[in-house]
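Undergrad: Handing you a structure now.
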Amino acid sequence: MNTFRKIICGLAAAAALSSSASAQSLMQGQIVVSGLDMARTEGNLFVTMLVDMQDLDLKTNADLTLTPRLCFGERTAELPALLIAGRNRYFHHLRNGVPEGVTLYRQGEPDRIEYRAALPYEPWMETAQLRAATLACGCCDEPLERDEQQLAVLDFTPRVFEPRFIYVSPKGDASKIREVQGSAFIDFPVNRTEIREDYRRNPDELRKIIATIDAVKNDPDTRILAIDIKGYASPEGSYANNARLAQGRTEALAAYVKRLYALPDELLATDYEPEDWAGLRRYVEASALEHRAQILAIIDGTLAPDDKDREIRRRYPEEYALLLRDVYPALRHSDYAVEYEIRTYTDVEEIRRLLRTAPQKLSLGEMYLAAESMEPGSEEYNEVFEIAVRMYPDDEAANINAANNAMARGDLKSAERYLAKAGESPEALYARGIFAALPKSYDTAKELFERAREAGIAHADDAIRQIDELDE
């Protein structure tokens with residue numbers, strides 16, 4: 001085995017990139033180039049081919065120069081040339097010599113030439129053309145015929161994993177029920193339960209409730225299903241009296257809302273909490289009170305509500321005074337919730353408009369219906385999946401699709417965040433396989449793809465094939 005063939009075989013064993021092409025005819029079929037193969041390492045490009053010239057007809061005073069060259073745009077690199085000469089021209093060249101890089105052959109000796117050449121590899125050659133330039137000359141180097149023909153196009157583009165993403169259709173969500181919540185701090189005269197609309201800050205607090213209900217009621221796309229009101233009193237005073245106040249004030253607020261909107265009885269529900277110990281605990285836990293731990297222990301203890309309040313006041317009078325002044329007023333509040341249903345949208349253009357103006361009205365299915373009408377990979381298309389996962393941050397389908405979209409854009413950081421909430425479905429396993437394959441963690445990727453294949457993902461077969469080829 002000669003040295004050059006040893007190099008080529010060694011390259012194959014080292015998994016060098018290679019490219020090959022079918023047979024080509026030159027000079028109106030007088031020359032046939034076959035067995036063309038190109039291989040490269042990090043620093044060199046190797047070209048081998050068989051040049052068959054048994055049908056070449058040259059006069060005794062004529063010769064033919066065949067020069068392979070690489071071309072890409074304005075870049076050109078010539079490989080060593082072959083000079084095939086008739087009898088008289090052959091001896092002429094022997095006497096006078098040939099240029100450097102040119103190998104002289106006498107026509108018919110041999111009829112087939114095993115051409116092998118190597119040259120330094122440069123990045124521009126990655127997808128260059130390999131061309132063959134031929135120049136036939138007569139006596140005194142008179143040009144007789146000139147031609148140039150493409151032999152092959154190189155493809156040394158680095159092999160990478162090419163994912164096929166699987167987007168998940170959301171589960172049925174035809175009924176779009178939403179809820180908007182708020183808290184109002186209605187002021188009541190001491191020990192009274194009737195609402196005075198102009199008392200202290202009541203105009204502003206009542207306006208909050210009205211604005212919440214109006215936002216739903218005045219929207220032609222929504223229908224109110226229920227309004228819930230729950231009133232709370234603060235812990236000071238007797239528990240029995242606080243229960244009376246919480247219940248009475250809640251009922252007063254409910255009557256105010258019912259009167260304002262003429263709501264049927266079945267649409268309005270009320271509840272009350274005599275003393276908001278949970279709200280007090282949240283404040284104390286987040287505070288820097290000196291006796292924070294001790295006050296929390298009393299709140300969490302088994303004492304009756306009146307005894308808890310009395311114990312905090314007795315043991316920590318300064319801090320109790322602060323709570324009474326700064327915290328207890330906020331514990332006298334009315335929480336309200338408006339439950340409503342949004343109609344279904346089927347017109348794609350309307351959905352696309354709502355994606356920009358009111359995405360909270362759309363279901364996942366409606367968002368993906370709009371995405372199907374967009375150009376995959378476009379900015380608008382990508383934005384749909386971002387909106388979907390923003391509106392439904394805990395939905396597994398939304399997170400899988402957002403992860404796929406992020407990976408398609410090369411944003412692996414966002415994809416990782418979405419995949420953490422994508423669940424353990426076969427589609428989620430497959431998406432995590434892609435996430436591992438893109439940065440070339442092929443062992444992890446293959447394991448995930450195999451699990452996805454066992455779970456019924458057909459595309460996993462192609463993914464595993466790609467991983468095996470890249471590993472080779």
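Undergrad: Under the Karplus relation 6.51 cos²θ - 1.76 cosθ + 1.60, θ = phi - 60°, what is the ordered set of whole-Hz ³J(HN,Hα) values for the stretch 313-321, x standing for Gly and Pro?
TA: Coupling constants for the stretch 313-321: 5, 6, 7, 9, x, 5, 6, 5, 4 Hz.
Undergrad: Can you tell me the order of 113-123, 92-102 when each peptide is scored by its average per-residue count of other Cβ atoms within 10 angstrom, highest first?
TA: Values: 113-123: 15.0, 92-102: 11.0.
So the peptides 113-123, 92-102, ranked by packing, come out 113-123, 92-102.
Undergrad: Can you list residues from other chains, or at least 5 along the same chain, whose modelled amide H is less than 5 Å from the amide H of ALA226?
TA: GLU339
Undergrad: May I pose another question? By a straight-distance test (C-alpha under 27 Å), which lysines pair with LYS258 as possible cross-link partners, with residues fewer than eight away in the same chain excluded?
TA: LYS176, LYS208, LYS217, LYS230, LYS361
Undergrad: Taking the alpha-carbon centroid of each part, what is the distance from the stretch 412-447 to the stretch 366-409 in angstrom?
TA: One Cα centre to the other: 17 Å.
Undergrad: For the ranges 193-199, 362-368, what's the packing order if you count other beta-carbon atoms within 10 Å of each residue, average per peptide, and put the highest first?
TA: Output ranking for 193-199, 362-368: 362-368, 193-199.
Undergrad: Let me ask something else about it. When we measure straight from the Cα of LYS421, which aspartates and glutamates land under 15 angstrom away, once same-chain ones fewer than 8 places off are left out?
TA: Here the aspartates and glutamates satisfying the reach criterion relative to LYS421 are GLU386, ASP394, ASP395, GLU396.
Undergrad: Averaging over every viewing direction, what projected area does the convex hull of the Cα atoms of the chain cover, in nm²?
TA: The orientation-averaged projected area of the Cα hull of the chain comes to 38.4 nm².
Undergrad: Could you list ASP462, ASP265 so that the one with the fewest beta carbons within 10 Å of its beta carbon is first and the one with the most is last?
TA: Details: ASP462 13, ASP265 7.
Taking fewest neighbouring Cβ atoms as first place, the list is ASP265, ASP462.
Undergrad: Arrange the following residues from fewest to most other Cβ atoms within 10 Å of their Cβ: GLU383, GLU372. Provide the component values of the computation, followed by the final result.
TA: Numbers: GLU383 15, GLU372 11.
Lowest count first: GLU372, GLU383.
Undergrad: May I ask you to derive the relative contact order of the chain, considering only C-alpha pairs under 8 Å and at least 6 residues apart, and to give it as an integer percent?
TA: The normalised contact order for the chain reaches 12 percent.
Undergrad: Something else: Report the charge-dipole magnitude of the chain in Debye, nearest 20, computed about the Cα centre from +1 at each Lys and Arg Cβ and -1 at each Asp and Glu Cβ. Let's see the in-between values first.
TA: Values: 58 positive and 81 negative charges, 138 e Å.
That gives a dipole near 660 debye.
Undergrad: Output wanted: per-residue J couplings in Hz (rounded whole) for the stretch 369-377, from phi through Karplus 6.51 cos²θ - 1.76 cosθ + 1.60, θ = phi - 60°, x for Gly and Pro.
TA: Listing the rounded values in order: 4, 5, 4, 5, 8, 9, 6, x, x Hz.
Undergrad: Okay, next question. I'd like the antiparallel share, as a percent to the nearest 5, of DSSP beta bridges with both residues in the chain. Please list the in-between numbers first.
TA: Values: 68 of 79 bridges.
Restricted to the chain, the bridges split so that about 85 percent are antiparallel.
Undergrad: Hey, fewest Cβ within 10 Å first, where do ILE295, ILE464 land in order? The partial results should precede the final answer.
TA: On the way: ILE295 24, ILE464 17.
Placing the least packed residue first, the sequence is ILE464, ILE295.
Undergrad: OK, next. Once the cut-off is 20 Å, how many percent of the Cα-Cα pairs in the stretch 197-287 end up in the long-distance tail? Working shown, then result.
TA: On the way: 1981 of 4095 pairs.
Summing the P(r) tail past 20 Å for the stretch 197-287 gives 48 percent.
Undergrad: How many angstrom lie between the C-alpha centres of the stretch 340-364 and the stretch 184-239?
TA: Comparing the Cα centres of the stretch 340-364 and the stretch 184-239, I get a distance of 30 Å.
Undergrad: Can you show me the helix-derived [θ] at 222 nm for the chain, built from DSSP H runs with n ≥ 4 at -39,500 (n - 2.57) apiece and divided by the number of residues, rounded to the nearest 500. Walk me through the numbers on the way to the answer.
TA: Working: 16 runs with 189 residues, N = 472.
Helix contribution divided over all residues of the chain: -12500 deg cm²/dmol.
Undergrad: Run the simple label-point estimate for ARG95 and ASP228 please: 7 Å along Cα→C-beta, distance reported in nm.
TA: 11.1
Undergrad: Under the rule of at least 5 residues apart or a separate chain, name every residue whose amide H is placed under 5 Å from the amide H of TYR121.
TA: Under 5 Å from the amide H of TYR121 lie the amide H atoms of ASN44, LEU45, each far enough along the sequence or on another chain.
Undergrad: For the stretch 176-340, what does the alpha-carbon gyration tensor say about shape, rounded, prolate or oblate, given a ≥ b ≥ c as the root eigenvalues, a/c under 1.5 as rounded, and a/b over b/c as prolate?
TA: Numbers: a/c = 2.36, a/b = 2.01, b/c = 1.18.
In terms of gyration-tensor shape, prolate.
Undergrad: Calculate one ³J(HN,Hα) per residue across the stretch 409-418 by plugging θ = phi - 60° into the Karplus curve 6.51 cos²θ - 1.76 cosθ + 1.60, and present them in order as whole Hz with x for glycine and proline.
TA: Couplings: 8, x, 9, 6, 5, 5, 4, 4, 5, 5 Hz.
Undergrad: Beyond 22 Å, what share of the Cα-Cα pairs of the stretch 3-153 is found? Please give it as a whole percent. List each step's numbers first, then the result.
TA: Working: 4718 of 11325 pairs.
Percent of Cα pairs beyond 22 Å in the stretch 3-153: 42.
Undergrad: Related question: Using amide H atoms built 1.01 Å from N in the peptide plane, name the residues 5+ places from LEU144, or on other chains, whose amide H lies under 5 Å from its own.
TA: ALA136, CYS137, GLY138
Since every read-out is calculated from the coordinates, none of them should be taken as a lab result. Keep in mind that this is a model prediction, so the values were computed, not measured. A quick note on method: Cβ atoms are made from the backbone with ideal geometry, for glycine too, and the neighbour counts reach across all protein chains shown.
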